[in-house]
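The structure under discussion appears below in the form of structure tokens.
The values are calculated or read from the model by the stated rules, or taken from the named source; none is laboratory data. All values reported here derive from a predicted model rather than from experimental measurement. FYI the Cβ positions are ideal-geometry reconstructions off the backbone, even for glycines, and counts take in every protein chain you see. Side chains are part of the model used for accessible areas, which takes the heavy atoms of the whole protein and leaves out ligands, DNA and RNA. Shrake-Rupley method; radii C 1.70, N 1.55, O 1.52, S 1.80 Å.
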Amino acid sequence: QVQLVESGGGLVQAGGSLRLSCAASGSIFSIAAMHWYRQAPGKQRELVASITRGGSTDYADSAKGRFTISRDNAKNTVYLQMNSLKPEDTAVYSCNLKFLSWEYWGQGTQVTVSS
């Protein structure tokens, strides 16, 4: 069983930065791909960023150049550094772990960007 716990969300002004963290329990973190998703009110959940177990990354177009995903396997933690935040980045951000047929979600952390 894997548990994912996000932290780091909050209220920030447009142009500001936040760093989200997702701490994972369990032994498969280091061999699993990790993802950050977000869901704004009334909108579908969107994949924001992904990182493979080897450290390769991929981003949604909306995140490229502003967000950076990283992982620390020694700490079983994945991060999302978000810079130059915009009001349209306001959403609940959730981390996701996928490995073979297993998939786990965190409870989410609210990010609100004021204009």
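Figure legend. Inter-residue proximity from segment 22-40: first residues over 14 Å from C95 (Cβ atoms), second residues of a type in the set (S, T, N, Q), beta-carbon distance below 8 Å, spacing 6+ or different chains. Indicated pairs: S30/N73; S30/N76; A40/T90. Starting from residues that are within 20 Å of V12 (Cβ to Cβ) and among the charged types (D, E, K, R), keep the ones in segment 65-88 and report whichever is surrounded by the most Cβ atoms within 10 Å (Cβ to Cβ). For segment 65-88, the residue satisfying everything is R66. Among residues of segment 102-115 that are open to solvent by less than 40 Å² (accessible area, probe 1.4 Å), those with a beta-carbon under 8 Å from a residue that is of a type in the set (K, R) and modelled with pLDDT of 95 or more at least six positions away or on a different chain give the pairs V111/R38; V113/K86. So for segment 25-32 (the condition being more than 9 Å from the chain's Cα centre (by Cα) and assigned to a strand (DSSP E or B)), does at least one residue qualify? So far as segment 25-32 goes, no, none of its residues is more than 9 Å from the chain's Cα centre (by Cα) and assigned to a strand (DSSP E or B). For V111, which of the numbered conditions (1) out of contact with any helix residue (DSSP H, G or I) (no Cβ under 8 Å at 6 or more places or on another chain); (2) in a strand (DSSP E or B); (3) modelled with pLDDT of 95 or more fails to hold? Only one criterion in (1) out of contact with any helix residue (DSSP H, G or I) (no Cβ under 8 Å at 6 or more places or on another chain); (2) in a strand (DSSP E or B); (3) modelled with pLDDT of 95 or more is unmet by V111, namely (1). Scanning segment 27-49 for residues that are open to solvent by 50 Å² or more (accessible area, probe 1.4 Å), closer than 21 Å to V2 by Cβ and either among the aromatic types (F, W, Y) or modelled with pLDDT of 95 or more (or both) yields Q39, R45, L47. Just to be sure before I move on: is G54 touching a Cys at 6+ places or on another chain (Cβ under 9 Å) and either open to solvent by 30 Å² or more (accessible area, probe 1.4 Å) or not aromatic (F, W, Y) (or both) in the structure I sent? Spelling it out, it is not the case that G54 is touching a Cys at 6+ places or on another chain (Cβ under 9 Å) and either open to solvent by 30 Å² or more (accessible area, probe 1.4 Å) or not aromatic (F, W, Y) (or both).
Scanning segment 89-101 for residues that are open to solvent by 10 Å² or more (accessible area, probe 1.4 Å) and out of contact with any Leu (no Cβ under 9 Å at 6 or more places or on another chain) yields a count of 6. Among residues of segment 47-59 that are under 16 Å from Y93 (Cα atoms), those with a beta-carbon under 7 Å from a residue that is open to solvent by less than 50 Å² (accessible area, probe 1.4 Å) and of a type in the set (K, R) at least six positions away or on a different chain give the pairs V48/R38; I51/R71. Is there a residue being at negative phi, open to solvent by 70 Å² or more (accessible area, probe 1.4 Å) and assigned to a loop (DSSP other than H, G, I, E, B) anywhere in segment 4-20? For segment 4-20, residues at negative phi, open to solvent by 70 Å² or more (accessible area, probe 1.4 Å) and assigned to a loop (DSSP other than H, G, I, E, B): absent.
The strands (runs of 3 or more DSSP E) found entirely in segment 33-100 that carry 1 or more residues being hydrophobic (A, V, I, L, M, F, W, C) and under 18 Å from R19 (Cα atoms) are 33-39, 46-51, 67-72, 77-82, 91-99.
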